[in-house]
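Notes to accompany the following structure.
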Amino acid sequence: MENRRPCWSRRCAQGAAETARLRLVITGGGTGGHIYPALEVGRHAAERGHELLYFGSIRGQESKACAERDIPFSGFPSEPLYSLKTLRGLKALIRLQQARVMARKALRIRTPDVVFSTGGYSAGPVVAAARDLKIPYVIHSSDSIPARSSSLFAKQAAAFTCTFNATVDYMEEIEVIRTGQPIRRELRSAAFGKPDGEALVLVIGGSQGSQYLNQTVPKAAATDGFQAQVLHACGPAHLESTQKLIEKLNLADRYFVVPYLDTGHLAAAYRRAMVVVSRSGGTLAELAMFGLPSVLVPLPSSANNHQLHNATEFVNMNAATLFRQSDAAPSLMAEAVMGWIEHPGRRENARRNLHGWDIPDSTERIYNLIRRAAK
């Protein structure tokens, strides 16, 4: 599958000042935690005159994201590989191998100078193909424990960058450069001068929502002593069921549910919020940028339990409260949320620590490493 719409990168190139124009392939997906950092680095490169192509999966979210931004997209039949002990896993392995062959052919045709990967099942076949063809590649890990699609190819990478401090210790056999997380500039610009916020609790379950948070947080808000408004992004597939629960709990006057928050509305919500309840994936870097304390419930099925490790780094900074999903009773969650709202000094300490962890120029740092790899 290939999107040949007018190229966003070509439009950006018209006024570019840099002379050494590169052809850059970016890859990562198929969820937002992999896609948005890749797109942000791609945008940064395109604005400096470099040609941009996105290679990904036809089943991921990246094809739609590229179409919205007029980025040329080539899609392959890659899909998640959970286990080789099932028929589904064997079929996934076959499709990944097919995607690798197709990616190798596409790379031969496109002849990129360098490949940049943010991991995920979409990226594995592309990076494997780049390695086969001896095309230099740079890998970025947004999670503390890198995805298998990243760690498998780490030793041959021209550079391996990361968001979390823990990654540097985990990947001790190679040099890891902590660059921080590339974050959408619309969010980063909104973070400047953020007020302390109102007594608003923002609930985010990831790009598809979290059924567990959709069921648990409303019950927490219904407990005695929970004194705050809630804005909850529940995921498009869960909107109706979450709304019904809110009505059943008589919370409609202070609990507001939306299917998804686009970039503009998400920025506004972050600025208003005093505390965030969420999973602990790519959202954490955004919370650090806004200086927002959080109540975190890691996804227990995350690969290598990376969400638990992500959350632990924030707990160690005194910037988050951590619950394992099996222990996150509504009453305890309500107590944890109010513990942040009722103690401004604790919030201020978390804000300072989070801002110290954040790296504002992460996109530029990764871009410079990509250019160096291409040379």
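The values are calculated or read from the model by the stated rules, or taken from the named source; none is laboratory data. Model, not experiment: these values are computed from the prediction. Please note: Cβ atoms are built from the backbone with ideal geometry, for glycine as well, and neighbour counts cover all protein chains shown. Surface areas here come from the heavy atoms of the whole protein model, side chains and all, with no ligands, DNA or RNA. Shrake-Rupley method; radii C 1.70, N 1.55, O 1.52, S 1.80 Å.
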| said: Restricting to the stretch 159-187, count the residues that are surrounded by fewer than 18 Cβ atoms within 10 Å (Cβ to Cβ) and within 16 Å of Ala373 (Cβ to Cβ). | reply: 3
| task | Of the conditions (1) assigned to a helix (DSSP H, G or I); (2) open to solvent by 10 Å² or more (accessible area, probe 1.4 Å); (3) among the hydrophobic types (A, V, I, L, M, F, W, C), Cys66 clears all except one; give me its number. | result | (2)
| said: From the list Ile26, Ile35, exactly one residue is crowded, with 24+ Cβ neighbours inside 10 Å, over 21 Å from Gln97 (Cα atoms) and either free of Cβ contacts under 8 Å to residues at least 60 places away in the same chain or touching a Gly at 6+ places or on another chain (Cβ under 6 Å) (or both). Which is it? | reply: Ile35
| request: Kindly list the number of the only condition in (1) surrounded by 15 or more Cβ atoms within 10 Å (Cβ to Cβ); (2) closer than 25 Å to Ile35 by Cβ; (3) modelled with pLDDT under 95; (4) not aromatic (Phe, Trp, Tyr) that fails for Glu313. | output: (3)
| Lone qualifier among Leu266, Leu213 - being among the hydrophobic types (A, V, I, L, M, F, W, C), touching a Gly at 6+ places or on another chain (Cβ under 7 Å) and in a helix (DSSP H, G or I) | Leu213
| said: Can you find, within the stretch 73-88, the residue that is surrounded by the most Cβ atoms within 10 Å (Cβ to Cβ) among those that are in a loop (DSSP other than H, G, I, E, B) and either touching a residue at least 24 places away in the same chain (Cβ under 8 Å) or of a type in the set (Phe, Trp, Tyr) (or both)? | reply: Ser78
| request: Mind listing just one residue for me: the one in the stretch 257-297 that is among the aromatic types (Phe, Trp, Tyr) and crowded, with 21+ Cβ neighbours inside 10 Å and, of those, nearest to Leu200 (Cα to Cα)? | output: Tyr270
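Among the residues of the stretch 113-123, is there at least one that is surrounded by fewer than 19 Cβ atoms within 10 Å (Cβ to Cβ), acidic (Asp, Glu) and either out of contact with any Phe, Trp or Tyr (no Cβ under 6 Å at 6 or more places or on another chain) or in a loop (DSSP other than H, G, I, E, B) (or both)?
Taking every residue of the stretch 113-123 in turn, none turns out to be surrounded by fewer than 19 Cβ atoms within 10 Å (Cβ to Cβ), acidic (Asp, Glu) and either out of contact with any Phe, Trp or Tyr (no Cβ under 6 Å at 6 or more places or on another chain) or in a loop (DSSP other than H, G, I, E, B) (or both).
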| In the list Lys134, Lys91, which residue meets the criterion of being modelled with pLDDT of 95 or more and surrounded by fewer than 24 Cβ atoms within 10 Å (Cβ to Cβ)? | Lys134
| Residue that is in contact (Cβ under 8 Å) with a residue 40 or more places away in the chain, outside any helix (DSSP H, G or I) and not small (Gly, Ala, Ser), where the choices are Ile183, Ile174 | Ile183
